[in-house]
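The values are calculated or read from the model by the stated rules, or taken from the named source; none is laboratory data. Just so it is clear, the structure is predicted and the values come from calculations on it, not from any experiment. So basically every Cβ, Gly included, is an ideal-geometry build from the backbone, and we count neighbours across all protein chains shown. The accessibility values were calculated without ligands, DNA or RNA, using every heavy atom of the protein model including side chains. Shrake-Rupley method; radii C 1.70, N 1.55, O 1.52, S 1.80 Å.
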Amino acid sequence: MSELDAAAIIKYIGTAPKTTNVKVYIKGKLAELTFPQEIKAFTDEQIGILFGDWAVVKPFFSPSSGSDCRLSSGKSGSKPSGSLARH
């Protein structure tokens, strides 16, 4: 295994693909949705939990989707963020 010098480490960090792992609690008409393989979905017809990269998960949520959700980032010590519609 080769060792990386400081410049190589800095370059790797700067050019590596970035991801934001999230956990999303969701409720709505989930039976009508098909989730891509990149999203780990644990759902039934009305509620569920999704795990995945925010860039992949985000397209499932729009004001017109009719879904109620709560977003939590995977970072410890951080506060959950996102949208929570009250019914």
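For the stretch 22-34, which residues satisfy the criterion of being surrounded by 11 or more Cβ atoms within 10 Å (Cβ to Cβ) and either in contact (Cβ under 8 Å) with a residue 60 or more places away in the chain or part of a helix (DSSP H, G or I) (or both)?
Scanning the stretch 22-34 gives a single hit, LEU30.
Say whether the condition of being touching a Phe, Trp or Tyr at 6+ places or on another chain (Cβ under 7 Å) and either surrounded by 13 or more Cβ atoms within 10 Å (Cβ to Cβ) or at pLDDT 85 or above (or both) is met by at least one residue in the stretch 9-21.
Checked the stretch 9-21: at least one residue is touching a Phe, Trp or Tyr at 6+ places or on another chain (Cβ under 7 Å) and either surrounded by 13 or more Cβ atoms within 10 Å (Cβ to Cβ) or at pLDDT 85 or above (or both).
From ARG70, ARG86, which residue is open to solvent by 80 Å² or more (accessible area, probe 1.4 Å), at pLDDT below 90 and within 12 Å of VAL22 (Cβ to Cβ)?
When all the criteria are applied, what remains is ARG70.
Return the pair list, or none, for Cβ contacts closer than 9 Å from residues in the stretch 50-74 that are in a strand (DSSP E or B) to residues that are at pLDDT below 70 and of a type in the set (A, V, I, L, M), at least 6 apart or on different chains.
Pairs that qualify, where the first residue is in a strand (DSSP E or B) and the partner is at pLDDT below 70 and of a type in the set (A, V, I, L, M), are ASP68/LEU84; ASP68/ALA85; CYS69/LEU84; CYS69/ALA85; ARG70/LEU84; LEU71/LEU84.
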